[in-house]
Structures are given as C-alpha cells and as structure tokens.
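**Student:** Structure below; questions to follow.
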Amino acid sequence: TYNATPGHTFHDKVDLTMVATMGHSQGGAGATNAARDPRVRTVVGIQGAGGDLSNYDGSVLFLSGTADTLVPSSFVRNAYDQVAGRLPAAYGDLTGADHFQPIGTGNAYRGHLTAWVRWQLMHDPIAGHQFVGDCEYCGNPLWATYVANPALQATAPDPL
C-alpha cells in the first residue's frame with residue numbers, strides 16, 4: 001500500500017477509512033458487493049446494480065440511462081427502491097444515455113460522479129448541493145428522473 005510507503009507520492013495522503021466503490025454494468029453489482037468492507041462509506045452503481053446491501057449503512061447513488069437496452073432504467077430504479085427506505089440514497093436516469101455512455105471519460109455522468117464522491121467522502125458542501133437542498137439535478141432536463149430520498153435529504157449541507 002502506497003499510503004504506508006515512506007517516500008511515495010501517496011505516503012500518508014490516503015484516508016483508508018473513507019472509501020467509495022463504483023462500477024458500471026456488472027461492475028455496479030461488484031461495487032455493491034464490495035460494500036461488505038466496513039471502510040466503504042458510499043456505493044455508486046452506474047447502469048447496473050445487484051448484490052446485497054442488507055448489512056451496509058452508508059449512502060448509495062444509482063444511475064441509469066433512458067436509452068439503455070442492456071440494463072433498463074426500471075432495473076436500476078428497482079435497486080434504488082429496495083434501499084431507499086433504509087439508506088441515504090439517490091437515483092438519476094440520464095436522458096438519452098445508452099449503456100455505453102459512461103465508458104472512457106464518463107461523458108455526461110462524469111460531473112455527477114465527481115460531485116457525489118466529493119460530497120460523500122470530502123464533505124464538500126458545493127458538491128452536496130448538486131444532490132439535495134437547492135438541488136442542481138432536481139428538475140434539470142439532463143435527467144429524465146432524479147430523486148433523493150428523505151434520508152439523503154437529511155444530510156444536506158447548510159445553504160450556500
């Protein structure tokens with residue numbers, strides 16, 4: 001581990017207690033399964049979901065695409081619905097995105113993913129306001145659907 005290696009660029013710079021798991025498609029299920037590790041604070045499933053979150057107590061972000069025919073939005077939304085009564089969670093369905101939209105650069109998902117991790121792991125209030133409170137994604141036409149459950153809303157940063 002580079003965090004423990006004196007002289008390495010990352011020495012003493014990585015907080016091993018603040019971990020995110022993130023995956024696309026089948027990797028979304030992998031990200032969910034990796035949440036068994038107690039260091040995981042947030043899980044992101046991009047156009048994929050699955051696994052067992054019954055013993056997990058962190059936050060979850062599920063993202064789908066309206067044009068995804070391999071993993072339909074309804075499948076990802078169902079995964080959100082299964083945890084939304086128990087965990088701080090959000091779901092977004094990107095307008096016009098097919099299954100391959102996030103590959104490579106993340107495309108239209110990139111900003112959303114970056115802001116989520118900045119908020120969840122770094123407690124960045126500007127990033128948090130993308131998802132809750134005076135929410136940037138709420139009502140944004142880029143998202144056919146965006147919902148943040150009450151448990152996530154309760155974690156909203158103070159108004160800017």
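What follows draws every value from the coordinates through simple rules; no lab data is involved. Quick caveat, the model's predicted, so the values are computed rather than measured. Ideal geometry is used to build each Cβ from the backbone, glycine not excepted, and the neighbour counts take in all protein chains shown.
**Student:** Please identify which residues in region 110-146 have an amide N closer than 15 Å to a label point set 7 Å out from the Cα of Thr155, following the Cα→Cβ vector.
**Tutor:** 113-133, by backbone N distance to the label point.
**Student:** Still on this structure, please answer the following. Quick one: work out the % antiparallel among DSSP beta bridges in the chain, nearest 5.
**Tutor:** Bridges in the chain are about 25 percent antiparallel.
**Student:** For the chain, what does -39500 (n - 2.57) per DSSP helix run (n ≥ 4), summed and divided by total residues, give at 222 nm, in deg cm²/dmol to the nearest 500?
**Tutor:** Values: 5 runs with 41 residues, N = 160.
-7000 deg cm²/dmol, from helical runs alone.
**Student:** Let's see if you can work this out: charge +1 on each Lys and Arg Cβ, -1 on each Asp and Glu Cβ, no other charges. What is the dipole magnitude of the chain about its Cα centre, in debye to the nearest 20? Show your work: numbers first, answer last.
**Tutor:** Details: 8 positive and 13 negative charges, 47 e Å.
Using Cβ point charges on Lys, Arg, Asp and Glu, the chain gives about 220 debye.
**Student:** Apply the Karplus curve 6.51 cos²θ - 1.76 cosθ + 1.60, θ = phi - 60°, to the phi angles in region 47-60 and return the couplings in whole Hz, x for Gly and Pro.
**Tutor:** 6, x, 7, x, x, 10, 9, 5, 9, 9, 10, x, 9, 9
**Student:** Quick one: grab the alpha carbon gyration tensor of region 10-160, order the square roots of its eigenvalues as a ≥ b ≥ c, and give me rounded if a/c is under 1.5, else prolate or oblate depending on whether a/b is larger than b/c. If you can, show how the numbers build up before the last one.
**Tutor:** Numbers: a/c = 1.36, a/b = 1.14, b/c = 1.19.
It comes out rounded by the Cα gyration axes.
**Student:** Still on this structure: Counting only residues 5 or more places away or on other chains, whose amide H sits under 5 Å from the amide H of Met22 once H atoms are built in the peptide plane?
**Tutor:** It is Val44, by chain and number.
**Student:** Report the net charge of residues surrounding Val83, where surrounding means a beta-carbon distance below 14 angstrom and charges are Lys +1, Arg +1, Asp -1, Glu -1. Provide the component values of the computation, followed by the final result.
**Tutor:** Details: positive: Arg77, Arg86; negative: Asp52, Asp57, Asp81.
Residues near Val83 contribute -1 overall.
**Student:** Spelling out what I want: for every residue of region 84-91, take phi, set θ = phi - 60°, compute 6.51 cos²θ - 1.76 cosθ + 1.60 (Karplus), and round to whole Hz; glycine and proline get x.
**Tutor:** Whole-Hz 3J(HN,Hα) from phi for region 84-91: 4, x, 10, 10, x, 8, 9, 9.
**Student:** Okay, next question. Name the residues whose placed amide hydrogens come within less than 5 Å of the amide hydrogen of Gln130, ignoring near sequence neighbours (fewer than 5 apart) on the same chain.
**Tutor:** Glu136
**Student:** Here's another thing I want to ask about it. Can you give the FRET efficiency to the nearest 0.05 for His8 and Ala108, using r as the Cβ-Cβ distance and R₀ = 35 Å? Provide the component values of the computation, followed by the final result.
**Tutor:** Values: r = 35 Å, r/R0 = 0.99.
Result of the calculation: an efficiency of 0.50.
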